[in-house]
Structures are given as structure tokens and as C-alpha cells.
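Every number here is computed from the coordinates shown, using simple stated rules; none is lab data. Since the model is a prediction, treat every value here as computed from it, not as a measurement. Cβ placement follows ideal geometry from the backbone for every residue including glycine, while neighbour counts extend to all protein chains displayed.
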There are 2 protein chains.
Amino acid sequence: MKNTASIKVIKGIAEMRRFSLEARKRGAKIALVPTMGALHAGHLALVGAARQKAAAVVVSIFVNPLQFGPREDLSVYPRDLAGDIAKLQKLGVAAVFIPEAAEIYPPGHRTHVEVDDLSQRLCGRARPTHFRGVATVVAKLFAIVQPHQAWFGQKDYQQLLIVRKMVRDLNSEIEIFDLPTVREADGLALSSRNSYLTPEQRPAALTLQQALHVAARIMAKGERSAAKIASNLREVIRTQPGAEIEYISICHPETLHELDTIEVRTLVALAVRVGRARLIDNALFDLRELSLRADLKKPSKPAAAAKPAPSPSPSERAGAKSAIKAAVKPVVKTAEKTSVKPVVKAAAKPLAPVAGKPAAKPAIKTPVKPATRPAAKSPAKSAASSVPKVNVAARKKAARR
Amino acid sequence: MKNTASIKVIKGIAEMRRFSLEARKRGAKIALVPTMGALHAGHLALVGAARQKAAAVVVSIFVNPLQFGPREDLSVYPRDLAGDIAKLQKLGVAAVFIPEAAEIYPPGHRTHVEVDDLSQRLCGRARPTHFRGVATVVAKLFAIVQPHQAWFGQKDYQQLLIVRKMVRDLNSEIEIFDLPTVREADGLALSSRNSYLTPEQRPAALTLQQALHVAARIMAKGERSAAKIASNLREVIRTQPGAEIEYISICHPETLHELDTIEVRTLVALAVRVGRARLIDNALFDLRELSLRADLKKPSKPAAAAKPAPSPSPSERAGAKSAIKAAVKPVVKTAEKTSVKPVVKAAAKPLAPVAGKPAAKPAIKTPVKPATRPAAKSPAKSAASSVPKVNVAARKKAARR
């Protein structure tokens, strides 16, 4: 079914509208995957999953000037239009929408959509107009493309939350779907901005992921003080001199309000500058899972061998078990250890899930699913669930393929 | 064709969506007239004109808390739901949408649409969150009602401008139509808030209209200094001790930027507090019309006797002529005179145009039409055109009906 029809490359707003109108007339569901291009496996996972749910997948590629601050990387943001189109063609995308900034923001454009409060937290502190730019361009793309559904990655958790809120508040009927963060072989969350990293900066970039592991472990151990958890994460990241912390947030997953004492559902979100790259990562923790599993006190089993189950998921179970194991070791020592050896070896073939049949499991719409949920075929390959023992098994499994 | 079908009273958002979906499925054009209820002839003119253009007219009645400031009149804003529904039923309105504030703004609502710069000018100075509230609720109503077109009055010129800008900037395909201000017999612009006025406050309320007359006269005389024009208007309004000026703006009709020297197209907008009522009025002037007519130097003729003509309109012609006459008298003296006797006796039967066949002429969409354009059957009855002599004729004509 895929690759049979040629992808339509659309530049003008009027042409995009006509395309969507025709698709709707023939009863086709339209899914929009908004991107800024320089597509990686994270984007392609969204496209693959959208393809399973909608006959007409539209991918927009637009480096939105409104979401860049005056001293940010708008002019050097990676671009690879020909490569992007080739990738999307293979996935059976119906149309790629590549509007010009001059048509999206003609002279005199002065309307903004702002999701108050949420937009000022986390990344919004250092990037005060960023989410206003995101919400505005998403609202515009929704009005132009008229999709039935739109897809976003959990890597940009705050963006996902803001888009959901905007859709609900502005009475839009567009369904928002999300997928877990896709990671590189060494655990680094995929981002177009990873191309800014030099090989020497890699260990510093990996501290985000390592810090999230540490958070899982000390929460499972029973730590409830956000200040103490943050302090531990800070130490993990500081093991690498090239990693400059912008923020460590331990917050409510819906309001993004900072917590003093962690709650049943807690988001841990990080922004760290490494050289030219500003990197973000996050994990959503559910204490019921962590402590429930801890209470069971069953012997640990490699997560990679666990079978998928609806609730709790294998990754959550494995994460809790590894947390129990981790609890016997000093947290900082663990962190120091993991800063030398990357903890997570998941997603050894990051492109695999999207090149063939999209294996990425569409996440449920509300509430926002944990960013640590498995992205691909092995449900155990998520951040919070991976421990060295698990990773060995996962690696072996990957080698066997 | 009218009054045959019963009006549908819709309270819930889901029901409203269903209604619109069904209307669209059967190919009916949907027109939305957003109101805050307490309907007067201005609203009904919009409804009547909408009825000519769309099979399914939806009138929303929602006293939007978001557009009221903390010390404003939200709690006492006039309400007359039964009376409103009866009026709309007579005009063949398909549905009246009366949502609850709790459903429009559920707990946690935090998204706003803001048209920057335009929203901070004129009324936005004293009401800093007003237009954000307007833009947000209009965006929400558009998303719920899904109209093909929406209707707004020129009386709220700034609101009309902001809604147009929002629609354009957010790539909405909804057509915005407007109609000239409808006035009471004594020239007062219709507003639900006029019900706050006591008979003693009437002369103070009429100074807005009188000031706009004066603006027309001194511009036709050749005055180009905004400061001098404003100073004249200020004196007119100050003839009535009960009239407290909030602003007098002489500004660009698209950007609302204050002008030093008036331009070809100039908006004069006023906000005056009279007792509990905050009153606004405005007129859009085109100097080409004023000076062209002034150059002709033909003898003046009563405007009421003028025959309709496409361009320049009789009102514009009469306005220029009366301006020439006014030029020989001191402006303030004229104002003093008119503050005793109401200048404008137009629209003696304000309900007439909408009770039968709507006579209100739908204005063209872009650019915004002058608020001084005739609202009803007698094109000469607009603000800029009326002089005492004309009014006598108009009154007689009205008496003959």
C-alpha cells in the first residue's frame, strides 16, 4: 500500500487547502505531523504511526521564526529538504507542506495564541516567546491543513501539553496523538539539534538520560523531596564539565508547577546546554507503579524478556524492579558509574521501527503518557526501565535480528 | 419564508456542533451573529442582513466574562433572554446559542488569542484585557459554530478591526461582514449600555455624536492638525458637565496609530463616560470626498432631499456641503448650539429596517466601511451629513410615514 503514490510537495497555503478539501470530500482522514524538517527517526515514528490511523498523512516542514528567540539558532537550524522528502516518500506520506515564512507571516501579522502559565514554565523561562510561537504556528497549520488528527513527540513534553491545552481551550476538534521519545543507540534523545554535538561533547549530552535514570532509582528508593532529587540530578550532570544546566524541574505533569514533595505522578524535565546545542529530556513517573512493584518484592527478571501486558506495562514493572536494585547503592556513586558507561543501550536500530511497518505504539490521548514509555518493539527499552543487566539482554536480542 | 420554522434554542457546545454539522451537510450556509444579548436594532440589523446571505443564521448570546475588567459592569450588564429570543424568532433565525460560562471557560482554561498592538490602543488603554477576551471568545465561537460568515457592527470599530485581523492572521476562512452603526432618534449610537442612562444624562451622551459632526466640519474646512481637531472635540464634549472624556483618538483606520496630521482616511473615535455608562462612537472620514466636494463650491441643499447615488454617497456629499456652511461659524459655537438641540434626528423608527425586509445595506468586507455610512433606508441620515436644517426635513419625512 505504501510507496505506490507519489508524494505531493505543496508550497502555497491555497494549494494546501485544496488538497485537504479534496481529501475530506473523498472521506479520507487527514493526519498532520508538524515538523521543522531535518527529519530523524523520532519524526518518522510519528509519521509511521499516523499512517496507521489516517489515509492522508500531511507532514509540514516549516522552521518557524516565531518560536526562535533573537539570540537563538534560527539561521543555522539544520535543513535537508531533499533528504526529508525522500524519507517521507518511502513512508507513504500523501503530502509535504513547505510554506514560505513570508506567506505564513505576511507583513502586519500580529495575532498570537498563548497558553498562559504553562508557556512561562520550564523552557519558557529561558525562551519567553517560544511557546507563543509554537501555539500560534500550530493554530495556523491546523486552520490551513484542517487535519482530523495531529501527532507530536513526548520528547517535547511541554509543547505537547500546550498544544493539547490549546486544542481543548479553543474548542478545536482535532485529536492530538503522541509517541514516546525515540533515542539513539547510546540513549540520547533524538533531536535535530544533536547534529551540533561534537564527539567530545557526547558524554556531556548523555548526562540528561543518566540523570533521569537516577531520578527513577532514588524515587523508587523512597525519596520524596524534590530538592534532594534535583540535587542528585545536578551532581550527575556536573560530572561532565561540558554540560551546563539550564534547568532541572520536578513538577506536576499537567500544570508544570514545581513540587516540593513529589506527587503520585511527577514529571522530571531537564534542559542542558552542551556546546552549541541546547538539549532537553524528560521522564514522567508514577509512584504507584514504583512503590506497588516495590511492595511485591519479587525477584528481579530482565525486562527485555518480559511479555507486553496492558497494565502495568513491562517497562514500568522492570523500572520498579531495577529501582529496588539501585536502591541499595548510593545514588551519586551510581550516577558516576553511569556517566562513564552509558546506561541505556536501547533502540540500537533507531530507524528500524519506521522503515518497515511502524512499530511505534500510538499513545493514548489523555492524559499525556509517560515519556519513558517504550517507543519501539521492545517495551523494556525505555529510560526508567533500563539497567545494565537489561541492556545486555537487549543488545543480544538486537544482534540476533 | 420567515417565521415559519421555530427557532432552536441551544445551550450545549456539543448540540451546537451537531446543529452546524447537519446544516453544513445539507449545504446550508451558516452565518453567526455573536452578541451579548439585550438585543437592540443594531443587533437586529446584523441578523436581518445575515438572513439575506445565509440559510442558517445562528445568534450567540453570551455575556463573556473574559472581556470585562475587574471593576466593570459584568454583573449588571443588561439581560433579557426571553425578549431576545422572541425578537430573533420573528427574524427567521435558525438557532440561538446560549452557552454557560462554565462550559465556555471550564476550570483551568488558560488559552488566549491576542491581536497585538491593535488591542492596546483606543479602548484597550483603559480596558487592557478587553480585546484579548473578545478575540478569544470569538475564536472559540467560530470553532464551535463553524460558520461560513460572521457579522459585526461598525459601532465597535476596534473590535471589528481586531476580529478581521485575527481571522486573517490565523488563516480562518470565515468571511467577516459589518454594518453601519444604528442610531436612536436623537442620534445616540445604539448600545445595550444606553439603558444605564437617565433622561438627565441624555444631553451628555449626545456629545459624542455632536463631536463627530464637528470633526467632519472642521476637516472639510481644511483643518489637518489632529491636535487642533481633538481640542475642538474636547470642547464640544465639555459643554456637558456630565460627560467625562476617556479618550479622543484621531488615528489611522487600519493600525489605530495616533496621527499628528490627518491622512486621506482618518478614524475619529471617542469614549466618554456618562454616569454608569461608558459610551463609544466613531466615524471614518475620507478627505478625498470631503475636499473634492468642498472644491465644487456648489450651493448647499438639504441632505434629506438628496437622492441615493453610488459614489460619492449623498451623505458624503451632504456632509461636505454642511461642512462648508459650518466653516463660517465658530466650531465651538456650533457645538454649544447642537448640545442643546440634538443635531441628528435620524432613524426615527430604528426597528423599521429589520422588522420587515432588512434594509440595512451589507457593507463590503475590506476595507472597513465608514461608520458614518447610512444604516437604513435614508442614506442622508448619517452623522456627518446631518445639520439642523436637514433634521427638520427628516423629522417631517418621518412624521409623514
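Overview of values
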{"item": "Surrounding net charge for A:G242, when Lys and Arg each add one and Asp and Glu each subtract one, Cβ distance under 12 Å", "result": "+2"}
{"item": "Positive-pole candidate from B:L91, B:P34, B:F142, dipole of segment B:8-179, charges at beta carbon", "result": "B:L91"}
{"item": "Average beta-carbon neighbours from other chains, 10 Å sphere, peptide A:110-121", "result": "6"}
{"item": "Across the identical copies, how the A:E246 labels are spaced - nm, sorted shortest first, 7 Å along Cα→Cβ", "result": "4.1"}
{"item": "Size of charge dipole - segment A:8-179 - debye, nearest 20, with Cβ of Lys, Arg +1 and Asp, Glu -1, no other charges", "result": "380 debye"}
{"item": "Extension gain, B:E15 back to B:K228 (0.36 nm per residue minus Cα-Cα distance, nm)", "result": "71.2 nm"}
{"item": "7 Å along Cα→Cβ, label-point gaps from B:K25 to other copies, nm, shortest first", "result": "2.0"}
{"item": "Sorted by Cβ density within 10 Å, fewest first, the residues A:S191, B:S75", "result": "B:S75, A:S191"}
{"item": "Ordering of A:26-37, A:46-57 by burial proxy (mean other Cβ atoms within 10 Å per residue, highest first)", "result": "A:46-57, A:26-37"}
{"item": "Across the identical copies, how the A:Q89 labels are spaced - nm, sorted shortest first, 7 Å along Cα→Cβ", "result": "6.4"}
{"item": "Estimated inter-spin distance, B:R168 and A:T255, nm [label 7 Å along Cα→Cβ]", "result": "4.1 nm"}
{"item": "Relative intensity, log₁₀ I(q)/I(0), of segment A:8-179 from a Debye sum that treats every alpha carbon as a point, q = 0.10, 0.11, 0.18 Å⁻¹", "result": "-0.35, -0.43, -1.24"}
{"item": "Residue exposure sequence - B:H112, B:H257, A:H43 - by fewest surrounding Cβ within 10 Å", "result": "B:H257, B:H112, A:H43"}
{"item": "Inverse of mean 1/r across different Cα pairs in segment B:71-172, Kirkwood, Å", "result": "15.5 Å"}
{"item": "B:K140, B:K90 arranged by Cβ crowding within 10 Å, fewest neighbours leading", "result": "B:K90, B:K140"}
{"item": "Paramagnetic reach from B:A55 (point 7 Å along Cα→Cβ, amide N under 14 Å) across segment B:66-106", "result": "B:94"}
{"item": "Charge sum, other residues only, whose C-beta stays under 13 Å from A:D156's C-beta, Lys/Arg counted +1 and Asp/Glu -1", "result": "+3"}
{"item": "Positive minus negative residues near A:V96 (Lys, Arg vs Asp, Glu; Cβ under 11 Å)", "result": "+2"}
{"item": "Number of partner chain Cβ atoms within 10 Å, mean per residue of B:171-184", "result": "2"}
{"item": "Estimated distance in nm for a label pair at B:E22 and B:A86, the labels positioned 7 Å out from Cα along Cα-to-Cβ", "result": "2.7 nm"}
{"item": "Label-point gap, in nm, between A:E235 and B:D73 - each point 7 angstrom along Cα→Cβ", "result": "6.5 nm"}
{"item": "Modelled FRET efficiency - R0 35 Å, A:K221 with A:E200, Cβ distances, 0.05 increments", "result": "0.55"}
{"item": "Pairs beyond 29 Å (Cα-Cα), from A:K155/B:K165; A:K165/B:K87; A:K29/A:K87; A:K11/A:K53; A:K155/A:K228", "result": "A:K155/B:K165; A:K165/B:K87"}
